[in-house]
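Nothing in this text is a laboratory measurement; each read-out follows from the coordinates by a stated rule. Given the structure is predicted, the values throughout are model-derived calculations rather than measurements.
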Amino acid sequence: MSFDLPSPPPAPVDHGDAGWTGAAIAVRSILQISTPLLLRLSPSNEEPLYIDFRHHAYTWTVPIARFPASAASVEVETEPAPPGSPPLFELPGQNLDNLLWAIGLHSFGGASASWLRAGERYRLTRWPNFTELPHTIDQMRMTSLLGNAYFSVAELAAAASTTEETATRLINALSLMNVLKDADVEAAPAPDVRTETTGETSSLFRRLRARLGL
C-alpha cells in the first residue's frame with residue numbers, strides 16, 4: 001500500500017531537509033486519520049525504519065542520538081494494520097515521540113510545516129520527555145515558555161533570545177508530536193491522504209514479520 005504525498009509549500013529547503021519533509025507530511029497525515037497503518041521509512045544511505053502507530057512505537061537500527069539530519073531522500077511505504085493483527089515488531093520498541101521530534105526538527109528547511117498557519121500562537125499540552133530527546137538549551141527554554149503561555153514563532157524567538165528558524169523548527173517538532181494546541185482550535189487541519197494497494201509493499205512487510213518471527 002502507498003499514498004501520494006501532498007507537495008510541501010514553496011520554501012528554501014536544504015539538501016539534508018528535503019527527504020525528511022516528505023516523511024513529516026506522511027507521518028502527520030497518518031496521525032490524523034482513524035485507520036491504523038504501518039509505515040516504513042527508508043532514508044537514503046541508512047537502513048529502513050518501521051513504525052507501528054497502534055503502539056506509538058518504532059524500530060530502527062540507528063540510535064536517535066545519531067539521527068541522520070542529511071537525507072537526500074526518504075522513501076515512504078504504508079500498509080493497513082487489520083484488527084487483531086500482531087505488532088509489526090517486538091514491543092515495546094522505541095518511543096515514537098523521539099522519532100517525531102527528530103523528523104520535525106529536520107524537515108521543511110527551517111520554514112513552517114505545511115499544516116501550520118502563519119502567525120498562529122501555540123501552547124504546550126504535554127511536556128516532552130527530554131531525558132530521551134537530544135536537545136539544546138534553547139529548545140528546552142522555548143518548550144518551558146510554551147508550557148506557560150501562547151506564543152507565535154516570532155514571539156517565541158524573541159522571548160528565548162534565539163532565531164526564528166530555531167523557534168520554527170521547534171514548533172514543527174512539537175506539532176508533529178501532537179503536543180501543541182493553538183489559540184483558536186485544538187488541532188490544525190490534516191493534509192489529504194490517498195491510499196493505493198501494491199503487492200510489493202505487502203510482501204515487504206510479510207518478509208519483515210517472517211524475519212522477526214511474527
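If I take every Cα pair under 8 Å that is 6 or more residues apart in region 77-154, average their sequence separation and divide by the length, what percent do I get for the relative contact order?
About 33 percent, as a whole number.
If you average the sequence gap of Cα pairs under 8 Å that are 6 or more apart and divide by the length of region 116-188, what percent do you get for the contact order?
This gives 44 percent for region 116-188.
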